[in-house]
Amino acid sequence: MFDSVEKVAQSLAEQDYICDSKIATVVFLAHRLEKPVLVEGPAGVGKTELAKVVAAATGRNMIRLQCYEGLDEAKALYEWEYSKQLLYTQILKEQFSEVMAGAKSVAEAAARVGQEDSVFFSDNFIVPRPLMQAIRSEKPALLLVDEVDKSDPEFEAFLLEVLSDFQVTVPELGTIEALSKPLVFLTSNNAREMSDALKRRCLHLYIDYPSEELETRILSTKVPDAGAQLIQDIVQMMHKLRELDLKKVPSISETLDWARALLALNANELDAEMVQQTFSVILKYEGDVRKAEGELSKILQKKAAEAAVAAPSAADAPAPAAVKKGALH
Amino acid sequence: MQKKILEFTNILRKSGIRVSTAEAIDAFEALDELSVDQREIFRDALRTTMVKRGEEVPTFDQLFDLFWSGFHDSLREAFGEAAAGLETFGMDLEELLRRIAEALQNLQGDLSELGDLAQALLSADLNMLEKLIREAAEGAGTDRIENFLQVGFFSRRTLDQMNSEGAGAELRELASQLEAAGLSPEDLAALRSLIEGLMEAARKSVRAFTERELQQQNHDYMEKFRRETLLEKSFYHLTEDEIRRMREVVERLAQKIKNILSIRRRRLNKGKLDLHQTLRRNMSHGGIPFELIFKQRKKDRPKLVILCDVSSSVANVSRFMLQFVYSLQEAFTKIRAFVFVAEIGEVTPLFQEADINEAIEKALDGGDVINVYTRSNFGYAFHHFWQNYLSAIDNKTTVLILGDARNNYNDPRAWCIRDIHNKAKNVIWLNPESPSAWGFGDSVMDKYMPYTDLAEECRNLKQLSSVIDRLVL
């Protein structure tokens, strides 16, 4: 289904994900070369979203592994189910007595039990965690390793086996190979530089803040009820804000939230008051708000001056439709 | 194509982008899957397979543009000019070539007797020309070019390598033969002018090629050089730009130490068996100890009190010291920061409100608590500290003092440091001057030295990071 780069962009667009050719090319290559993709970039530019829409576009089942400090293989790969093993031992006590019946020495009895221990270390007693699930999935799956930079450096080590060979080694069972190779997306906010070994195995995608043109397209797709004027104002404002030296630079997700908030307030275009009221949607620090306010008045004055030159056409735009439910979060 | 990509890979490597062989192979595989006629996609494919760091992307983009485009265009431009010169004679290149071919037939010869270069020049075969120039440049070793002064030298060598003089002579010879064969004088004049134009175009193109090569080879060379030396560069001589870049280096170093810390701390977790916890945890397994819990060995994280001299002579050291320490905040239980020139004042609150860099800039300005426009007086500052903040120090506190101990012949009041030393776990003094200067002139370092556990020279990042490393581990 991903025949060409254009097709990829198209089918992502069908899932309401607007992207440039850079992203489409990488997704296409990941699909063709069966290589994992390491997606980096600032928070909120749609890294996780990309994995989700690719899963939707390819009809794959998405398996997500959220990384955090202290994540270990028991939570990421597999775990033996101790309690179940214990329970089975209790139930099978009699059988064990039969096995051991007639043993002349303790050593012999132990040896006989030892022969049976593969029963307890079999598929029955293993709890597959996301990495193993992705490998063993009958249908090709999509594995999302989210915020891999939050994990510990050691965690990367066993990611490597999964990423390069699509296999998992369980000492008791041997090596389990993938039935079908999953598409793998790793996202990172660059809290920590990933090791070269990991990077080498991945295709690399850096998603930056979108260009004005792209952001406009994204807005009009995601918030179709917003008017052209509003969208243009928002996009311009966001790009101005990103140039400031802010502690938390607002990204695409903030743009969308803002657009929806403004829409809920029935705004057709930006004005000072409206922006003041809704600043909290895009700026998350007090200091940032203060910095931005100065810039804001400049932008709005310029805009007012331009509007004064152009004849004031007082055509009231139709009231925007209600915001989609659940769109605000 | 393959060769060109490998060449490009080499140039990337020279610019500090680490491209492994496996990655180069990936790039080839990726290109197999794509139609490479679309420049954008071609670039994206190379980028995604070869460049794995966000900050390397701009370098890649610039190099890509330099490498994969332009030369053909500049060739076309140069030879377009030469051909345009014919207009003054009222004819175009094709027309002239046709007439030459006619005249040649009378001579019973054809153009293929000419050398490759002469042929390519005359027929304006740009692809062939590009190939010839590239080969010649390779022969001339242009990829070893290092600075602008060598452009002329390598251009000349490249021209010699492709025997441009010989080609010129051949062409001129051809013109005289054609004259003998009865080419009209007007055509002949046009041809002669064309030949000179072509030779000039060839020279220009080779020079342009050499300059591009220089740009490619040299791209980031200085950058890399600077970054490497930045670690060892003395804090005294930093430009604005270097301070900005230094900040990034400090950040990276701090990150590195953090990574190491996380590993070391995990090793510490393996203490003795915790019987209590083990029994509790394994109750669900019928009391059979499947999972063992170990006691955690506690490692005291140090408390830190930093006294920073922020007089202009050592401001930079203080800047990076503060940045370093605050980037590693979680390695310490508590940090209190003081700045002084003559008065001393606490700037800890600054770091709780603003982000690190902002707070540092404020602190270096005295943080609204002290006057920075006076002459250093260490004795006064320490006495003041002794009077007001001595309670900040307990037996778990490491005191880090940063200053050149140039006291302007004031009373050093070393007994303050002695008292601090008696109360604190450690007193570490970092001095940006080299030890040979300590105690000379107005330096009172020798008076303070007896009361410090460690006095170190700290004039560059390398030394700073080694001190911090010892501090947190």
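The values are calculated or read from the model by the stated rules, or taken from the named source; none is laboratory data. Keep in mind the model is a prediction, meaning the values are calculated, not measured. Quick reminder, even Gly has a Cβ in these numbers, built from the backbone with ideal geometry, and neighbours come from all protein chains shown.
When segment A:1-52 is filtered for residues that are within 28 Å of A:Glu193 (Cα to Cα) and among the hydroxyl-bearing types (Ser, Thr, Tyr), the ones remaining, listed by number, are A:Tyr17, A:Ser21, A:Thr25, A:Thr48. Elements of the type strands (runs of 3 or more DSSP E) sitting completely within segment B:382-473 and holding at least 2 residues that are within 25 Å of B:Gln323 (Cα to Cα) and charged (D, E, K, R): these cover B:454-457.
Of the residues in segment A:221-235, at least one is of a type in the set (Asp, Glu), crowded, with 18+ Cβ neighbours inside 10 Å and touching a Leu at 6+ places or on another chain (Cβ under 9 Å).
Inside segment B:440-473, residues that are under 18 Å from B:Pro412 (Cβ atoms) and surrounded by fewer than 16 Cβ atoms within 10 Å (Cβ to Cβ) make up a count of 5. Listed conditions (1) within 14 Å of chain B (Cβ to nearest Cβ); (2) closer than 16 Å to A:Leu131 by Cβ; (3) small (Gly, Ala, Ser) are all met by A:Ala51, apart from (1). Only one entry of B:Phe332, B:Phe351 meets the criterion of being modelled with pLDDT under 80 and either basic (Lys, Arg) or in the same structural domain as B:Asn431 (by TED's automatic domain parsing) (or both), and that entry is B:Phe332.
A quick yes/no check of all residues on (1) surrounded by 15 or more Cβ atoms within 10 Å (Cβ to Cβ); (2) modelled with pLDDT of 90 or more:
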| position | (1), (2) |
| --- | --- |
| B:Gly366 | yes, no |
| B:Arg375 | no, no |
| B:Gly379 | yes, yes |
| B:Phe382 | yes, yes |
| B:Trp386 | yes, yes |
| B:Asp394 | no, no |
| B:Thr397 | yes, no |
| B:Leu400 | yes, no |
| B:Tyr409 | no, no |
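If B:Arg18 passes every condition in (1) outside any loop (DSSP other than H, G, I, E, B); (2) more than 30 Å from B:Leu93 (Cα to Cα); (3) basic (Lys, Arg) but one, which one does it miss? Status for B:Arg18: all satisfied but (1). Checked against (1) within 14 Å of chain B (Cβ to nearest Cβ); (2) of a type in the set (A, V, I, L, M, F, W, C); (3) surrounded by 18 or more Cβ atoms within 10 Å (Cβ to Cβ), A:Phe120 passes all but condition (3).
Note on segment B:307-325: residues that are in contact with a Phe, Trp or Tyr (Cβ under 6 Å, 6 or more places away or on another chain) and aliphatic (A, V, I, L, M) amount to 2. In the set (1) within 14 Å of chain B (Cβ to nearest Cβ); (2) on the phi > 0 side of the Ramachandran plot; (3) of a type outside the set (S, T, N, Q); (4) free of Cβ contacts under 8 Å to residues at least 60 places away in the same chain, A:Gly59 fails one condition alone, (1). Within segment B:265-284, residues that are modelled with pLDDT of 70 or more have Cβ atoms under 7 Å from residues that are part of a helix (DSSP H, G or I) in these pairs: B:Ser284/A:Ser83, counting only partners at least 6 apart in sequence or on another chain.
Only one entry of B:Ala414, B:Ala437, B:Ala405 meets the criterion of being crowded, with 22+ Cβ neighbours inside 10 Å and either touching a His at 6+ places or on another chain (Cβ under 6 Å) or aliphatic (A, V, I, L, M) (or both), and that entry is B:Ala405. Once segment B:329-355 is narrowed to residues that are within 14 Å of chain A (Cβ to nearest Cβ) and surrounded by 20 or more Cβ atoms within 10 Å (Cβ to Cβ), the residue that is farthest from B:Lys256 (Cα to Cα) is B:Leu350.
For the criterion of being hydroxyl-bearing (Ser, Thr, Tyr), outside the structural domain of A:Ser195 (by TED's automatic domain parsing) and out of contact with any Phe, Trp or Tyr (no Cβ under 7 Å at 6 or more places or on another chain), A:Ser137 fails. Tell me, which residue of segment B:44-59 that is facing chain A (nearest Cβ under 7 Å), assigned to a helix (DSSP H, G or I) and modelled with pLDDT of 85 or more is surrounded by the fewest Cβ atoms within 10 Å (Cβ to Cβ)? Here the answer is B:Asp44.
Exactly one residue among A:Ala74, A:Ala24 is closer than 20 Å to A:Glu154 by Cα and within 14 Å of chain B (Cβ to nearest Cβ), and that residue is A:Ala74. Per the conditions (1) in the same structural domain as B:Ile11 (by TED's automatic domain parsing); (2) farther than 18 Å from A:Ala197 by Cα; (3) out of contact with any Phe, Trp or Tyr (no Cβ under 8 Å at 6 or more places or on another chain), the sole criterion not satisfied by B:Ile25 is (2).
Could you please give the count of residues in segment B:408-429 that are of a type in the set (Asp, Glu) and more than 9 Å from B:Phe378 (Cα to Cα)? Of the residues in segment B:408-429, 1 are of a type in the set (Asp, Glu) and more than 9 Å from B:Phe378 (Cα to Cα).
With the structure loaded, tell me whether B:Glu130 is within 30 Å of B:Leu214 (Cα to Cα) and either outside any helix (DSSP H, G or I) or touching a Phe, Trp or Tyr at 6+ places or on another chain (Cβ under 8 Å) (or both) or whether it fails that test. The answer is yes for B:Glu130.
In this structure, A:Ile252 does satisfy being touching a Gly at 6+ places or on another chain (Cβ under 7 Å), surrounded by 18 or more Cβ atoms within 10 Å (Cβ to Cβ), at pLDDT 80 or above and under 30 Å from A:Ala30 (Cα atoms).
For A:Leu86, only one of the following conditions fails: (1) facing chain B (nearest Cβ under 10 Å); (2) in contact (Cβ under 8 Å) with a residue 24 or more places away in the chain. What is its number? That leaves (2) as the condition not met.
For residues that are within 18 Å of the chain's Cα centre (by Cα) and in a helix (DSSP H, G or I), scanning just segment A:10-21, find the one that is nearest to the other protein chains (Cβ to nearest Cβ). So, considering only residues that are within 18 Å of the chain's Cα centre (by Cα) and in a helix (DSSP H, G or I), the one nearest to the other protein chains (Cβ to nearest Cβ) is A:Leu12. Inclusion of B:Gly90 among residues that are modelled with pLDDT under 75 and at positive phi is warranted.
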